[in-house]
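What follows is calculated from the coordinates using simple rules that are stated; it is not laboratory data. Note that the coordinates shown come from a computational prediction; the quantities given were computed from them, not determined experimentally. When we count neighbours, we look across all protein chains shown, and the Cβ atoms used for this are built from the backbone with ideal geometry, even at glycine.
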Amino acid sequence: MSTASSLTMRQAALRIVRTLREAGYTALFAGGCVRDMLMRRRADDFDIATDATPDVLLKLFRRTQKVGVQFGVVIVGVGPHWIEVATFRSDLAYADGRHPSGVQFSTPQEDAARRDFTINGMFYDPIRRRVIDYVGGQRDLKQRVVRAIGEPAERFAEDHLRLLRAIRFAARFGFRIEPRTAEALAGSAAGIRRVSAERVCDELDRILAHPSRAEAWRSLERHGLLPHLWSTADRLVPHVGETVRVLSDLPRRISFALGLAAVLLPMGAADVGASCAALRTSNEIRKAVMWFCSSLPQVLDPRALTLADLKLLMARGSMDDLLALAGAVHRARRQSLEAHRRLMRRVASILPNRVAPPPLVTGTDLSDWNIPAGPIYRTVLERVYYAQLNGDVCDRAAALGMARRLLGLDARSLR
Ligand code: ATP
Ligand code: MG
């Protein structure tokens, strides 16, 4: 018997399939997890498709979430896992190129036909251990192609996010995009403008965080999607060559923020912030991206960096990523790495407990001297702290002296 915590997601999904079978329904693994299994990759999630309707699912399972019930989706909890169980369905007409106007419960064949690409359109019966493939997904997996199910142009017109998904899957698996699918992709590229910024951003996250990010960026440009990703993305097109070199030089596993910063580098600081806003990234991501882009010039030309400058950069906590980005940019520009290597040695020589020590002088000291509240506090405290980080003032007496000098107070009348 496995305990709840050691239960794998696959085992949890299998339990759901068994329960449905015992109640007389059909239940199959569906979509991406079947593809991943056939490719011998670890699936991130297991989706189940069934002929049981949502009301049946809600009665049959004790722990459920109803978030997608109107689309025939119930999320079922088994141990620590939450698994999507969806009733076989066909999507009704897409009026807006974004959402189906509704869904109709239907057969496994029709459920396969509504999915985007053949490699994503298969089912697997985990009890009989059989792949159920109505769309030629196995053939396309063998031939390593991403092929739209049905008429490619129509499928992209229904939901233009599929444009980005095609590029993501092709780059991730190193597959070709089948010629008619590729032709439709290029022909519909501008349609990506109709997709909500949140969905585009979510796809970009998956694209840029993945080791295949460089191939994907090249492919976005080749297929004409790049200029349409958000309002100012066209400015990135002339820089694609360098961006691809930077992306392929970054470590395999990186955060979305670092990946996004790497592609936005050719833009000026204001446009970096505006691009994040246009993509509706979280504030946290936007701040991180802006920090990478605005700090990079200092790190690319490190000669003027003082010890205090370095500590202030390190205190942000993403210095390794910033250095990786700088190294990638140097190599992409085929510049000498000598100064960069020296910088890395300097950074490595700074002890962690020296990066952000508590300040020797604080606002309390200034208010004890009856300095009226105002911007002067920040100016003085920042300058004294900078001197402290730089090793120019080493103890409290020296720091207090400096603050009093900056304030024009008599340095000799120290407490
Ligand atoms: P990943 O490994 O990135 O999660 P996935 O194939 O599992 O890839 P999901 O977004 O999790 O992708 O979607 C699960 C399945 O739902 C897909 O395999 C596909 O069959 C179907 N699907 C998802 N998004 C779409 C879409 N926009 N249009 C058509 N079918 C889709
Ligand atoms: Mg998935």
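Set the Förster radius R0 to 30 Å, insert the Cβ-Cβ distance between residue 344 and residue 395 as r into 1/(1 + (r/R0)^6), and round the FRET efficiency to 0.05.
0.45
Report the FRET efficiency, 1/(1 + (r/R0)^6), for residue 336 and residue 222, where r is their Cβ-Cβ distance and R0 is 25 Å, rounded to 0.05.
0.20
Round to the nearest 0.05 the FRET efficiency obtained for residue 245 and residue 90 when R0 = 56 Å and r is the Cβ-Cβ distance.
Plugging the Cβ-Cβ distance into 1/(1 + (r/R0)^6) gives 0.80.
Quick check on the chain: helices-only [θ] at 222 nm, where DSSP H runs of length 4 and up contribute -39,500 (n - 2.57) each and the sum goes over total residues. Nearest 500, please. Don't jump to the answer; show the numbers that get you there.
On the way: 20 runs with 209 residues, N = 415.
The helix-only estimate for the chain comes to -15000 deg cm²/dmol at 222 nm.
Do you know the relative contact order of the chain, to the nearest whole percent, from alpha carbon pairs under 8 angstrom that are 6+ apart?
Across the chain, relative contact order equals 8 percent.
For residue 177, list long-range residues whose amide hydrogen, built 1.01 Å from N in the peptide plane, is under 5 Å from its own amide hydrogen.
For residue 177, whose amide H was placed from the backbone, the distant partners under 5 Å are 146.
Within straight cross-link reach of residue 311, meaning Cα distance under 23 Å, which lysines are found once same-chain residues fewer than 8 apart are removed?
Within the straight-line cut-off, residue 311 pairs with 287.
Just order 124-132, 81-89 by mean Cβ neighbour count inside 10 Å, highest at the front, would you?
Most protected by this proxy first, the peptides run 81-89, 124-132.
Filter the trypsin sites (Lys or Arg not before Pro) in region 1-81 to those in DSSP coil with at most 14 other Cβ atoms within 10 Å of their Cβ, and list the result. Let's see the in-between values first.
Details: sites: 10, 15, 18, 21, 35, 40, 41, 42, 59, 62, 63, 66; in loops: 40, 41, 42, 62, 63.
Passing sites in region 1-81 are 40, 41, 42, 62, 63.
With a 10 Å Cβ neighbour count serving as the proxy for reagent exposure, in which order, fewest first, do 69, 195 appear?
Result, fewest neighbours first: 69, 195.
Kindly put 271, 301 in sequence by how many other C-beta atoms sit within 10 Å of each C-beta, fewest to most.
Values: 271 16, 301 13.
Neighbour counts put them in this order, fewest first: 301, 271.
Give the peptides 146-154, 372-380, 162-170 in descending order of average Cβ contacts within 10 Å, highest first.
For the peptides 146-154, 372-380, 162-170, the packing ranking is 162-170, 146-154, 372-380.
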